[in-house]
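Following: one structure in structure tokens, then a few remarks.
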Amino acid sequence: MNAAETPAAAEPRLTSLSHGGGCGCKIAPGVLSEILKGTAAMPIPKELMVGIETADDAAVYRLNDEQALIATTDFFMPIVDDPYDFGRIAATNAISDVYAMGGRPILALALVGMPINVLSTATIGRILEGGASVCRAAGIPVAGGHTIDSVEAIYGLVALGLVHPDRVKRNADAQAGDLLVLGKPLGVGVMSAALKKGVLGEAGYARMIATTTKLNNPGPDLAALPGVHALTDVTGFGLAGHGLEMARGAGLEVHLDWRAVPLLEGVRALAAQGFVTGASGRNWAGYGRDVELPAGFAPEDRALLTDPQTSGGLLVACAPEALEAVLATFAHHGFDHAAVVGRCAPAPGAARLVVA
């Protein structure tokens, strides 16, 4: 019996084939900065509205006075064992970067690396079916892609979108006085760690899948609101890391009210029991020097502050007078956990994140 004919029951757990899962696979922030430091010298065409300069969610290239092209890619190893759910999560996460720039997706290309001598064609097919189901929900086709035989299972998308050049929302354009709104609760990394150890129950798994497969489709509507200055999505570097990117890009201090940050049910208790990802510690090592924590800040709270979010929520910087419209837009799209989690302030020194 060859691998393609192997019954699914005889196959290993998908998460057992990967050294890390979801956005927890990201290279640590400090290491990534070192790798990319030489690329800034490349020539930049005038049409490139957003490149790598502020670690934004996607590249944006101006086509004409009415259209700009958003281009992004995201892929990772399994964060769950169900192949269909893995495909859904990876696709939702990849498309999110288009929404985070204020755009609407137009098509996707699949990126597939699979251990073909280990996984059956049926299992691999289910991963692709999961991704395709999310693309249908986003109203876009999977128009092609690329496949390789890989030691670890890898799946994701290239996602392309369109946006009016005047509605591009960078992560670097927050203004002093802006309020910060987070669209989804935190805790996906903690849940994934508990899942790997076999202690995440059915209800917890259902909550994890619900949040990681929820498309961040409020993005274009948020970008159209007067007073919305900056957008990003919270993924592998955690709320602290992506909040810091916003602060550094704008030269501000970002102040977080930790008590106001929404958390997935049960994750604080799981984090207190030690169910945290290695990426959480790597994140803190990479940027913790620029984060001010209050006295007595619990270790489990720090773990959640740096917890890598796979398909995490949108983080919006908006003027106070735009807040009501921002929250109404989130609610219209079914984001019931959206909450004000902080504010932006002038930075007396270097940009940093201050947690209260």
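Listed by first and then second residue, the pairs linking a residue in the range 150-165 that is at negative phi to a residue that is among the basic types (Lys, Arg), with Cβ atoms under 7 Å apart and 6 or more places separating them unless they lie on different chains, are GLY161/ARG104; LEU162/ARG104; PRO165/ARG62. Let me confirm something: among ALA210, ALA240, ALA285, ALA279, which residue is open to solvent by 30 Å² or more (accessible area, probe 1.4 Å), within 25 Å of GLY156 (Cα to Cα) and outside any loop (DSSP other than H, G, I, E, B)? So the residue among ALA210, ALA240, ALA285, ALA279 that is open to solvent by 30 Å² or more (accessible area, probe 1.4 Å), within 25 Å of GLY156 (Cα to Cα) and outside any loop (DSSP other than H, G, I, E, B) is ALA210.
Would you confirm, using the coordinates I've provided, whether GLU66 is touching a His at 6+ places or on another chain (Cβ under 7 Å), open to solvent by 60 Å² or more (accessible area, probe 1.4 Å), touching a residue at least 12 places away in the same chain (Cβ under 8 Å) and not hydrophobic (A, V, I, L, M, F, W, C)? The answer is yes for GLU66.
The residue list ALA223, ALA230, ALA206 contains one member that is among the aliphatic types (A, V, I, L, M), closer than 21 Å to ALA94 by Cα and within 16 Å of the chain's Cα centre (by Cα), which is ALA230. Does the range 78-94 hold any residues that are part of a loop (DSSP other than H, G, I, E, B) and open to solvent by 20 Å² or more (accessible area, probe 1.4 Å), and which are they? Once the filter is applied, which keeps residues that are part of a loop (DSSP other than H, G, I, E, B) and open to solvent by 20 Å² or more (accessible area, probe 1.4 Å), the range 78-94 yields ASP81, ASP82.
Criterion first (over 18 Å from the mean Cα position of the chain (by Cα) and either closer than 27 Å to ALA250 by Cβ or not in a helix (DSSP H, G or I) (or both)) does LEU304 satisfy it? For LEU304, the condition - over 18 Å from the mean Cα position of the chain (by Cα) and either closer than 27 Å to ALA250 by Cβ or not in a helix (DSSP H, G or I) (or both) - is not met.
For the criterion of being open to solvent by less than 40 Å² (accessible area, probe 1.4 Å) and either in contact (Cβ under 8 Å) with a residue 60 or more places away in the chain or closer than 23 Å to ARG13 by Cβ (or both), THR147 fails.
Apart from one condition, GLY198 fits all of (1) modelled with pLDDT of 95 or more; (2) out of contact with any helix residue (DSSP H, G or I) (no Cβ under 7 Å at 6 or more places or on another chain); the exception is (1). Contact annotation: residue pairs with Cβ atoms under 7 Å, 6 or more positions apart or on different chains, pairing a residue in the range 259-279 that is under 19 Å from LEU182 (Cα atoms) with a partner that is at pLDDT 95 or above and in a loop (DSSP other than H, G, I, E, B), are PRO262/PRO185; PRO262/HIS337; LEU263/PRO185; LEU263/GLY187; LEU264/PRO185; LEU264/GLY187; VAL267/GLY187.
When the range 320-341 is filtered for residues that are of a type in the set (A, V, I, L, M) and in contact (Cβ under 8 Å) with a residue 40 or more places away in the chain, the ones remaining, listed by number, are ALA322, LEU323, ALA325, VAL326, LEU327, ALA338, ALA339, VAL340, VAL341.
The values are calculated or read from the model by the stated rules, or taken from the named source; none is laboratory data. Owing to the predicted nature of the structure, the values given are computational and were not obtained by experimental measurement. Counting neighbours? That spans all protein chains shown, and the Cβs are built from the backbone with ideal geometry, glycine included. These area figures cover heavy atoms from the full protein model, side chains too; ligands, DNA and RNA do not enter into them. Shrake-Rupley method; radii C 1.70, N 1.55, O 1.52, S 1.80 Å.
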